[in-house]
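Report on the structure given below.
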Amino acid sequence: MNTFILIILLLAVVMAIAGLNRRCREARRAEWGVAWLNWLDGFNRLFCHVYHRLPQTELPLPETDGAIVVSNHISGLDPLLMLASSNRPLRFLIAREQYERFGLQWLFRAVGCIPVDRENSPEKAMRQAIKALRDGEIVALFPHGKIHLDSDPPRKIKAGAARLAALTGLPLVPLRISGVSGQGGVMLPVFMRGHARIQPLPVIESTGQSPDSLNQAIQCALDQIPQC
């Protein structure tokens, strides 16, 4: 009897794994060029849409050309939500200390994150981002520079996204994230179920605009400043 129960349990596990594998392959939207990353893309979409109740939302990205995605930053879940709403891979600019976080560096490298060393060579990340954009990739970053809630005091955003747009002439795609549980945290919001939402905002065209005007447009969009 014990052997029979064990066989049934093993069959159930195998069927569950097979079902998850099928669903992940079906859910995948972005093409990462590697089978296991494509599978992970599907898994992340299921995780965000089912567990975090993120509605189906598609960022207004060009089909082949580069673009710069900018977002407010309220938790460590934000990048996963952004990836789940994009039909193309996103290359995130992240702080080097986060890039080198124990156990995760291999993943950050695999998905093409660009580490930013603010102390020693911040321009190196800028050059890598420009190359990626000119190669037709999508670069994503959080202009506030760190987690910043709407309830926090106003914070001037960093100029990196505006500089990238001015130098490449590519559009800025702003969005707002909300509905995350445990806002302000890094790891806890990943596991706390919420009603996550992504609101794509009007695309900001960079042609003919100065870095200062682009930076102001980004600040107004992300902070929802009505007078802008």
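The values are calculated or read from the model by the stated rules, or taken from the named source; none is laboratory data. This is a predicted model, so every value here is computed, not measured. Quick reminder, even Gly has a Cβ in these numbers, built from the backbone with ideal geometry, and neighbours come from all protein chains shown. These accessible areas exclude ligands, DNA and RNA; they are computed on the full protein's heavy atoms, side chains included. Shrake-Rupley method; radii C 1.70, N 1.55, O 1.52, S 1.80 Å.
For the range 182-228, name all the residues that are open to solvent by less than 30 Å² (accessible area, probe 1.4 Å) and without any contact (Cβ under 8 Å) to a residue 40 or more places away in the chain.
L201, I204, C220
For the range 36-44, state whether one or more residues are farther than 18 Å from A140 by Cβ, loosely packed, with under 10 Cβ neighbours inside 10 Å and over 18 Å from the mean Cα position of the chain (by Cα). First the steps, then the outcome.
Residues of the range 36-44 that are farther than 18 Å from A140 by Cβ, as a first pass: 36, 38-39, 42-43.
After this cut, where a residue has to be loosely packed, with under 10 Cβ neighbours inside 10 Å as well, the list is 36.
This time we only want the ones that are over 18 Å from the mean Cα position of the chain (by Cα), so: 36.
Yes; the residues of the range 36-44 include at least one that is farther than 18 Å from A140 by Cβ, loosely packed, with under 10 Cβ neighbours inside 10 Å and over 18 Å from the mean Cα position of the chain (by Cα).
Specify which of the listed residues (G103, G136, G145, G76) is surrounded by 13 or more Cβ atoms within 10 Å (Cβ to Cβ) and out of contact with any Gly (no Cβ under 8 Å at 6 or more places or on another chain). First the steps, then the outcome.
Details: G103 fails: surrounded by 13 or more Cβ atoms within 10 Å (Cβ to Cβ); G136 fails: out of contact with any Gly (no Cβ under 8 Å at 6 or more places or on another chain); G76 fails: out of contact with any Gly (no Cβ under 8 Å at 6 or more places or on another chain).
Result of the check over G103, G136, G145, G76: G145.
Can you find, within the range 79-98, the residue that is most open to solvent (accessible area, probe 1.4 Å) among those that are of a type outside the set (A, V, I, L, M, F, W, C) and part of a helix (DSSP H, G or I)?
At the first step, the residues of the range 79-98 found to be of a type outside the set (A, V, I, L, M, F, W, C) are 79, 85-89, 91, 96-98.
In the following step, the residues that additionally are part of a helix (DSSP H, G or I) were identified as 79, 96-98.
On the way: P79: 35, R96: 68, E97: 117, Q98: 76 Å².
Checking each candidate, the answer is E97.
Being loosely packed, with under 13 Cβ neighbours inside 10 Å, within 30 Å of L214 (Cβ to Cβ) and among the polar types (S, T, N, Q): is that true of T64 here?
On the way: loosely packed, with under 13 Cβ neighbours inside 10 Å: yes; within 30 Å of L214 (Cβ to Cβ): yes; among the polar types (S, T, N, Q): yes.
Against the criterion (loosely packed, with under 13 Cβ neighbours inside 10 Å, within 30 Å of L214 (Cβ to Cβ) and among the polar types (S, T, N, Q)), T64 qualifies.
Which ones in the range 92-130 are of a type in the set (D, E, K, R) and in contact with a helix residue (DSSP H, G or I) (Cβ under 9 Å, 6 or more places away or on another chain)?
Filtering the range 92-130 for residues of a type in the set (D, E, K, R) gives 96-97, 100-101, 109, 117-119, 123-124, 127.
If the condition is that a residue be of a type in the set (D, E, K, R) and in contact with a helix residue (DSSP H, G or I) (Cβ under 9 Å, 6 or more places away or on another chain), then R96, E100, R101, R109, D117, R118, E119 are the ones that fit.
Tally the residues that are part of a strand (DSSP E or B) and either touching a Pro at 6+ places or on another chain (Cβ under 6 Å) or closer than 20 Å to R28 by Cβ (or both), restricting the search to the range 53-73. I'd like the intermediate steps shown before the answer.
Narrowing the range 53-73 to residues part of a strand (DSSP E or B): 67-71.
From what's left, either touching a Pro at 6+ places or on another chain (Cβ under 6 Å) or closer than 20 Å to R28 by Cβ (or both): 67, 69-70.
Of the residues in the range 53-73, 3 are part of a strand (DSSP E or B) and either touching a Pro at 6+ places or on another chain (Cβ under 6 Å) or closer than 20 Å to R28 by Cβ (or both).
Hey, any hits in the range 169-178 for a residue that's open to solvent by 90 Å² or more (accessible area, probe 1.4 Å), out of contact with any helix residue (DSSP H, G or I) (no Cβ under 6 Å at 6 or more places or on another chain) and free of Cβ contacts under 8 Å to residues at least 40 places away in the same chain?
Let us first name the residues in the range 169-178 that are open to solvent by 90 Å² or more (accessible area, probe 1.4 Å), namely none.
Checked against the condition, which is being open to solvent by 90 Å² or more (accessible area, probe 1.4 Å), out of contact with any helix residue (DSSP H, G or I) (no Cβ under 6 Å at 6 or more places or on another chain) and free of Cβ contacts under 8 Å to residues at least 40 places away in the same chain, the range 169-178 yields no hits at all.
In the list I147, I198, I225, I218, which residue meets the criterion of being of a type in the set (V, I, T) and over 21 Å from the mean Cα position of the chain (by Cα)? Quick ask: steps written out before the conclusion?
On the way: I147 fails: over 21 Å from the mean Cα position of the chain (by Cα); I198 fails: over 21 Å from the mean Cα position of the chain (by Cα); I218 fails: over 21 Å from the mean Cα position of the chain (by Cα).
Among I147, I198, I225, I218, only I225 is of a type in the set (V, I, T) and over 21 Å from the mean Cα position of the chain (by Cα).
If you scan the range 106-130, which residues turn out to be buried (at least 19 other Cβ atoms within 10 Å of the Cβ) and among the small types (G, A, S)?
Within the range 106-130, the subset buried (at least 19 other Cβ atoms within 10 Å of the Cβ) is 113-116, 125, 129.
Listed by number, the residues that qualify are A125, A129.
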